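A.B. asks: Input: one structure, supplied below.
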Amino acid sequence: MRFELTLEPQVKVPDLPEFILNTTVTGRRLIGRMEESDIPAAVQWARNLKDKGIAEEYSVGPASLEDVYLRVVGRSDTPEITEKEADHDAVAA
């Protein structure tokens, strides 16, 4: 299963529970995988982060092609860029 957590701006990545595996952090998005049996624990953990103002939103669902892509090319030190910056990079290329 796929687990995605979007952090509030300027918040550091919290300590992750053992059941969130193969995590990739891109900007404010944390994406990982987990077993289906861990869904209740993951939802509770994410709700707690949301209540504390650490997480903006979260989702759980089946793995996607994006997960594979991020695992191959995603890097935890890649900053999230704005749409304006992306448009500038496309024009410059």
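Every read-out reported here was derived from the displayed coordinates using simple, explicitly stated rules and does not represent laboratory data. From a predicted model like this one, the values you see are computed outputs, not experimental measurements. Here Cβ is always computed from backbone atoms with ideal geometry, including for glycine, and neighbour counts include all displayed protein chains.
A.B. asks: By how many nm would the segment from ILE39 to GLU57 lengthen if fully extended, with 0.36 nm per residue of separation less the alpha-carbon distance?
C.D. replies: Values: separation 18, 0.36 × 18 = 6.48 nm, distance 1.53 nm.
Length gained, ILE39 through GLU57: 4.9 nm.
A.B. asks: Suppose each label sits 7 Å from its Cα in the direction of the beta carbon; what would the ARG47-THR26 distance come out to in nanometres?
C.D. replies: 2.9 nm
A.B. asks: Along the Cα→Cβ direction, 7 angstrom out, place labels at LEU65 and GLU18. What is the inter-label distance in nm?
C.D. replies: Simple spin-label model gives 3.6 nm for this pair.
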